Amino acid sequence: MAIYVKAFSLVLKTVSKPLAKQVKEAAKSHPFLRQLSIGVALKADSLYQTIMSPTPLNEPIISSGGRRMKIPKKPPVMTEDQALQAAGDFLAEAFVFGVAGGLVWWEQSKSAEKDLVKAANAKEEREQLTTMIAMQQRTLQDVTEVLKEFERHRRETSAAMEEMERRERERDSRRWWGRAAAVG
């Protein structure tokens, strides 16, 4: 089963790459998506340039000696074609990443379901084993009680046998003394 899931996910990842190219082309050709992509890419570039700029753009750089240095130039802004290309690349990569992420989530949920089934089976087996152990303990207690009863009965029987043997010896000794007296 696992090999089929892996093969399916590999096929889906492979198919997602041409689909990502189609998404990229659709973003370039559709007027609304085109304007949206360009606007988002330009805003992202502006944010990137603001973060990566070493100094504020309106302040001159002053050296340690107190002299003014060159004012840094404003970083170049992306052209619309560059912005469209960057947005299309981003959409294509986001699509492939989304497919891969969805597959990982799906495989993980399948794995979690299997783990839940295993846990339920293990719990059921533990309950059965616990029940079996409890039954064996009760049986062992019953056998112990029976053995104690047998031991008590053996002692009583042994005591009775010893008493009978003692009486018989007494009787035999009386006979012997009686014979000895008659012979003597």
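List of remarks:
- Residue in the stretch 16-23 that is surrounded by 15 or more Cβ atoms within 10 Å (Cβ to Cβ), at pLDDT below 85, of a type in the set (Val, Ile, Thr) and touching a helix residue (DSSP H, G or I) at 6+ places or on another chain (Cβ under 8 Å) present: yes
- Taking residues in the stretch 90-107 that are over 22 Å from LYS43 (Cα atoms) and in contact (Cβ under 8 Å) with a residue 24 or more places away in the chain, and partners anywhere that are part of a helix (DSSP H, G or I) and β-branched (Val, Ile, Thr), the pairs with Cβ atoms closer than 8 Å and at least 6 places apart or on different chains are GLU107/VAL5.
- Among residues of the stretch 1-28, those that are in contact (Cβ under 8 Å) with a residue 60 or more places away in the chain and among the small types (Gly, Ala, Ser), counted: 4
- Residue in the stretch 70-83 that is at pLDDT 85 or above, small (Gly, Ala, Ser) and either surrounded by 10 or more Cβ atoms within 10 Å (Cβ to Cβ) or assigned to a helix (DSSP H, G or I) (or both) present: yes
- Failed condition for TYR4, given (1) among the hydroxyl-bearing types (Ser, Thr, Tyr); (2) at pLDDT 80 or above; (3) closer than 30 Å to LYS110 by Cα: (2)
- Candidates ALA122, ALA159 - the one that is in a helix (DSSP H, G or I), over 39 Å from the mean Cα position of the chain (by Cα), farther than 30 Å from PRO18 by Cβ and at pLDDT 90 or above: ALA159
- Sole exception among (1) in a helix (DSSP H, G or I); (2) farther than 22 Å from ALA7 by Cα for SER111, by number: (2)
- First in the stretch 29-42 and assigned to a helix (DSSP H, G or I), second anywhere and surrounded by fewer than 18 Cβ atoms within 10 Å (Cβ to Cβ), Cβ under 6 Å, 6 or more apart: ILE38/GLU80
The values are calculated or read from the model by the stated rules, or taken from the named source; none is laboratory data. Fair warning: this is a prediction, and the values are worked out from it, not measured in the lab. Ideal geometry is used to build each Cβ from the backbone, glycine not excepted, and the neighbour counts take in all protein chains shown.
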